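Chemist: Handing you a structure now.
The values are calculated or read from the model by the stated rules, or taken from the named source; none is laboratory data. If you're wondering where the values come from, they're calculated on a predicted model, not measured in any experiment. Here the Cβ positions follow ideal geometry from the backbone for every residue, glycine too, while neighbour counts run over all protein chains shown. Keep in mind that these areas ignore ligands, DNA and RNA; they rest on the heavy atoms of the full protein, side chains included. Shrake-Rupley method; radii C 1.70, N 1.55, O 1.52, S 1.80 Å.
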Amino acid sequence: MSTHPQVLGGEPTQTGTYLRDTATSVIQNFDPINKIHQHLCAFHFYSHDMTRQLEAHHYCAHKNEEMRQCLIYDSPDKKARLIGLEYIISENLYLTLPDEEKRLWHSHLYEVKSGLLIMPKVPAAIQRLDMETVCKTYGKVFHFWQIDKGHSLPFGIPQLMMSVTRDGQIYDHLVKSCAERMGIDFEEERKGREYMTGPDHGIHPLANGGGKGLETRLREVNLKDDPTPPSGTRVSVV
């Protein structure tokens with residue numbers, strides 16, 4: 001279950017809505033969602049406030065060998081809330097990013113080797129085959145729903161998230177709660193991953209916020225009153 005109370009705005013789903021959704025699920029194409037092949041469980045904190053930490057369940061699909069894209073939920077339950085997105089890329093792709101972009105991405109080396117990034121229910125030997133690759137990657141995460149504040153809806157603007165990079169950063173109660181609910185022995189995983197190595201060129205100094213906190217803020221600007229381009233299509237509705 002989620003580590004944060006499920007407080008939602010709106011009326012419960014009605015029978016008519018359920019029946020309509022069932023019908024459309026048979027008719028429509030869900031190829032992008034069906035590409036999801038992997039469930040990863042990890043911990044994130046707000047880039048500008050390390051005291052705000054939470055459990056995050058990633059449902060990921062490979063775009064290719066060097067990139068994955070993940071939907072993030074607050075739990076693995078069917079009533080889970082969609083709270084964010086993560087993109088995971090190889091070291092090679094990360095090194096092509098502009099310097100100002102590099103700061104938005106976090107490394108996965110500690111997360112993997114500490115055992116804190118796991119694939120629930122997957123045998124350790126199979127997990128480690130993939131973790132050998134993940135520990136060399138970088139991820140960029142935005143959360144849209146600040147569930148740690150008890151929000152009933154996704155208030156505010158997307159917030160940049162980061163991942164732990166050393167011992168002593170993650171709250172013990174979060175790890176303990178996850179271990180008990182998911183049946184995970186994090187210490188055993190840590191020991192089994194001691195041999196793994198990180199990015200070939202080491203963790204880039206600009207990754208993980210460059211060692212600084214980064215906060216997403218909304219800024220008001222003057223709206224440009226540009227004319228409609230000549231190629232713009234105007235549609236009249238009667």
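Chemist: Determine by what factor the alpha-carbon radius of gyration of the range 98-238 differs from 2.2 N^0.38 Å, reporting the quotient.
Modeler: 1.46
Chemist: Sticking with this structure for a sec: Count neighbours as other Cβ atoms within 10 Å of each site's Cβ, and list the GluC sites (Glu not before Pro) in the range 80-157 that are DSSP loop with at most 16 such neighbours.
Modeler: When the GluC sites (Glu not before Pro) of the range 80-157 are filtered for loop state and at most 16 Cβ neighbours within 10 Å, nothing remains.
Chemist: Please calculate the 1.4 Å probe accessible area of His143, with all protein chains present, and give it to the nearest 10 Å².
Modeler: 0 Å²
Chemist: I'd like the accessible area for Lys35: 1.4 Å probe, protein heavy atoms, all chains in place, Å² to the nearest 10.
Modeler: The accessible area of Lys35 comes to roughly 130 Å².
Chemist: Could I ask something else about it? Go through the range 35-47 residue by residue and turn each phi into a ³J(HN,Hα) via Karplus (6.51, -1.76, 1.60, θ = phi - 60°); whole Hz please, and just put x for glycine and proline.
Modeler: Once rounded to whole Hz, the list reads 6, 4, 10, 8, 10, 10, 10, 8, 10, 10, 9, 5, 4.
Chemist: Using DSSP to call loops (not H, G, I, E or B), can you name the trypsin sites (Lys or Arg not before Pro) in the range 41-92 whose Cβ has at most 12 other Cβ atoms within 10 angstrom?
Modeler: Lys78, Lys79
Chemist: Tell me the carbon and sulfur percent of the accessible area for the range 79-238, rounded to whole percent, probe radius 1.4 Å.
Modeler: It is 54 percent, rounded to a whole number.
Chemist: List the trypsin sites (Lys or Arg not before Pro) within the range 188-225 that DSSP assigns to loop and that have no more than 12 neighbouring Cβ atoms inside 10 Å.
Modeler: Hits after loop and neighbour filter: Lys212, Arg217, Arg219, Lys224.
Chemist: Sticking with this one: Any chance you could look up the accessible area of Phe45 with a 1.4 Å probe, heavy atoms only, rounded to 10 Å²?
Modeler: Accessible surface of Phe45 is approximately 20 Å².
Chemist: When only C-alpha pairs under 8 Å and at least 6 residues apart count, what is the relative contact order of the range 102-238, in percent?
Modeler: 37 percent
Chemist: With every protein chain kept in place and ligands, DNA and RNA left out, what is the accessible area per residue of the range 94-197? Probe 1.4 Å, answer in Å².
Modeler: Counting only protein heavy atoms, the per-residue value for the range 94-197 is 49 Å².
Chemist: So how far, in whole Å, is the C-alpha centre of the range 49-91 from the one of the range 118-169?
Modeler: 6 Å
Chemist: For Leu129, Leu117, Leu214, Leu85, give the ranking by accessible area with the largest first, probe 1.4 Å.
Modeler: Most to least solvent-accessible, the answer reads Leu129, Leu85, Leu214, Leu117.
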